[in-house]
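What follows is one structure encoded as structure tokens, with my remarks underneath.
Bear in mind these aren't lab numbers, they're just calculated from the coordinates by the rules spelled out. Please read all numbers here as calculations on a predicted model, not as lab measurements. Neighbour counts are summed over all protein chains in view; Cβ atoms, including those assigned to glycine, are modelled from backbone coordinates with ideal geometry.
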Amino acid sequence: MSTANLSFMQRLRLRENHIFFALTIIIGIFAGLAAVLFTLAINGTTHLLFGIAPSNLRYILIPTLMSLVTGFLLAKFFPEARGSGVPQIEAAYHLNHGEVPFRVAFGKFLTGVLCIGSGHSMGREGPSVQIGAGIASPIGRWFHLSPARAQSLVPVAAAAALSAAFNTPVAAVIFALEEIIGDMNATLLGSTVVASVAAVIVERSILGNNPIFHVPAYHLVNPAELIGYLILGIVGGIVSLAFCKGLLHARLLFRGMPKWTKILQPALGGLIIGVILIFFPQVMGVGYQFVDQAMNGGLLLKTMLLLCFAKLVATIVSYSSGNAGGIFAPSLYLGAMAGGAVGVLMHRFAPFPTGDPGAYALVGMGTLFAGIVRAPMTSVFMIFELTQDYQVLVPLMVANMISYLISKRYQPVPLYRALLEQDDVHLPEPGTGSVNGVWRARDVMTRDFTLVSPDSSVQSASGIASQTNAESFPVGSDGIYLGLVTRGQIERALSSGGANASIGSIATGDGARVHPDHPLELVLDRLAKNPGLLPVVSRDQTDRLEGMITAETVIQFVQKELDTPKNGSVSPKL
């Protein structure tokens, strides 16, 4: 490269660095403003819909009717806005170059306000993250940033939005690195800090420098009290497991319902929530006022136990039925109630002096967050940032680590990742980066395939089948994949007199598929479940066929790789 070209490239890179730094501040401001408006809109909607003393009829009707509206919006216009938003942002960052359309931010804001404001037991922090990313991504594209820089704006916006939503800028930065990026050594530390500070300045300028919780002074009264926090860690791990497994199982139950019910499922969840609210109105929405009461000794043991159970069930129902809202706040609520209950029992029965139950509620918040969200560093910094007291760190780390280990042992896949895998979205493993060193579907697929037209008759497809030993054939046209038809299906159609029927009428379209970046381990698993043929479809257009995988193409590829000298390099991993 000539000196002139090198100088031009250096100037171009310097210009992009300056633009990126400026956008970091701008996105921090916009994401912070969006998070504040989201909070205000939720509070206003709740007050408008429920008033001061709502009747039982209102508790039933409002979540149900509002969920009919949001169910329609989520099914027809904003399908990406279902759920928390954090898993979707992780997928966008790792698999889609950080591209998040602005309509996702708008849809999440609208449906999140309606869902949480109408009483669903969900949090605002996860949706705020998705809203922030949906603002940042179009800005990056508008300024024509390089793909890597545009991708980097997603965790920057996530940190900013969470900082404004929860008023903990340091924990927000750690969350972006630990959960969104999956790398605590990421080079984006400086950018996320700048955006997070900018967002929290916006938040405090509008809402005032008021803490979300009135945190009591923490004191470890006796070293033996660490036994109590160890017990809290065990309880936290058990409650975390109940929440994660209950949520994943309930979500599968809703997904197994007929497709035509998808638009009604949020309303079914709303009806169940309405019934719960009649008996436990304290689980409505975010519920931070009751977390505050638990930390300050304002709730009885029986009340905390009941609210912990009711919140767990209500959040599982709200989330699994397809409404828009997060699990960040519910995990803190569950932690405060479980921790407060353990604290009361320790205070009554421990043979040594103990601190106030509110201290256990405080530590319990971090403990459940570590077990459910599986972000232990974020939970430590979050609780420390709330207390500004170093004394809380030792009991917090004891309880967090126990809860984290129990949750990881019996629920190996973290909740956010497990939710994505239920949607057939598989993120790269932490530490593997992109696709380097791992065999992928694109490596083993073949582009040499022929689609059987869906308009072809069964008789003509039988002629094609007689010329090959294949057990199944892809059906589609113009590169659009419609499904698979097996040799057995063709033979049964012929024997039943359906020779003139179209192949499209007997093809199966709900079989397994993979994307080009899926690892070979997943490819082999899905190939074993399919009738000898596994389609590879585009991520951007999930019915666009990019290739086909068979056992033969896998064997040929692996044999070729093994026969090719690697010059001492390490072979790719499955």
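Results, tabulated for the structure shown:
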{"item": "Virtual spin-label span in nm between Thr508 and Ile201, 7 Å along Cα→Cβ", "result": "6.0 nm"}
{"item": "Equivalent ellipsoid, the stretch 15-207 (semi-axes from 5 times Cα gyration tensor eigenvalues, Å)", "result": "31, 17, 13"}
{"item": "Label zone at Phe72, where the point sits 7 Å out along the Cα-to-Cβ direction: the stretch 305-334 residues whose backbone N lies under 19 Å", "result": "322-324"}
{"item": "Per-residue ³J(HN,Hα) for the stretch 188-199, Karplus 6.51 cos²θ - 1.76 cosθ + 1.60, θ = phi - 60°, Hz, x for Gly and Pro", "result": "8, 4, x, 5, 5, 5, 4, 5, 5, 5, 4, 5"}
{"item": "Simple spin-label estimate for Arg141 and Asn56 in nanometres, 7 Å along Cα-Cβ", "result": "5.1 nm"}
{"item": "Residue-wise HN-Hα coupling along the stretch 480-494, computed from phi with Karplus coefficients 6.51, -1.76, 1.60 (Hz; x: Gly, Pro)", "result": "9, 8, 10, x, 10, 10, 9, 4, x, 5, 5, 5, 5, 5, 5"}
{"item": "Nitroxide proxy distance, nm - points 7 Å out along Cα→Cβ at Asp478 and Ser496", "result": "3.0 nm"}
{"item": "Principal axis box of the stretch 119-247, alpha-carbon based, largest edge first, Å", "result": "58, 37, 36"}
{"item": "5 angstrom amide H check on Gly123, placed H, neighbours 5+ away", "result": "Gly326, Ile327, Phe328, Ala329"}
{"item": "Chain lengthening between Gln459 and His97 when straightened (0.36 nm per residue, less Cα-Cα)", "result": "125.8 nm"}
{"item": "Packing-based exposure ordering (other Cβ within 10 Å, fewest first) of Lys259, Lys408", "result": "Lys259, Lys408"}
{"item": "Ranked list, fewest to most other Cβ atoms within 10 Å of each Cβ, for Asp517, Asp543, Asp448", "result": "Asp448, Asp543, Asp517"}
{"item": "Ranking of Leu393, Leu312, Leu57 by count of other Cβ atoms within 10 Å, fewest first", "result": "Leu57, Leu393, Leu312"}
{"item": "Compactness of the chain - radius of gyration and Dmax, Cα, Å", "result": "26.4, 84"}
{"item": "The chain: angle of helix 125-142 to the longest principal axis, Cα-based, in degrees nearest 10", "result": "50 degrees"}
{"item": "Unit Cα scatterers, Debye sum, the stretch 441-563: log10 I(q)/I(0) for q = 0.09, 0.13, 0.21, 0.22 Å⁻¹", "result": "-0.25, -0.51, -1.16, -1.24"}
{"item": "Charge-dipole axis of the chain as Lys and Arg at +1 and Asp and Glu at -1 on Cβ define it, positive-most pick from Ala501, Val193, Gln459", "result": "Ala501"}
{"item": "Gain on full stretching of the segment that runs from Trp260 to Ile19 - 0.36 nm per residue minus C-alpha separation", "result": "82.1 nm"}
{"item": "Positive minus negative residues near Phe78 (Lys, Arg vs Asp, Glu; Cβ under 11 Å)", "result": "+3"}
{"item": "Summed side-chain charge close to Gly298 - residues other than Gly298 whose Cβ falls under 13 Å, Lys, Arg +1, Asp, Glu -1", "result": "-2"}
{"item": "The stretch 292-355 - Rg over Rh from alpha carbon coordinates, Kirkwood radius", "result": "1.09"}
{"item": "Nonlocal amide H pairs with Arg82, under 5 Å, H built at 1.01 Å", "result": "none"}
{"item": "Rounded to 10°, Cα long-axis angle of helix 56-76 versus longest principal axis of the chain", "result": "30 degrees"}
{"item": "Label-zone membership for the stretch 275-302, site Gln388, 7 angstrom Cα→C-beta point, backbone N under 20 Å", "result": "292, 295-296"}
{"item": "Extension reserve of the His219-Phe279 stretch, reckoned as 0.36 nm per residue once the Cα distance is removed", "result": "18.1 nm"}
{"item": "Degrees separating the helix 3-50 axis from the principal Cα axis of the chain, which is the longest one", "result": "60 degrees"}
{"item": "Local electrostatic count at Ile174 - Lys and Arg +1, Asp and Glu -1, tallied over other residues with Cβ under 15 Å", "result": "-4"}
{"item": "The chain, dipole about Cα centre (Lys/Arg Cβ +1, Asp/Glu Cβ -1), debye to the nearest 20", "result": "620 debye"}
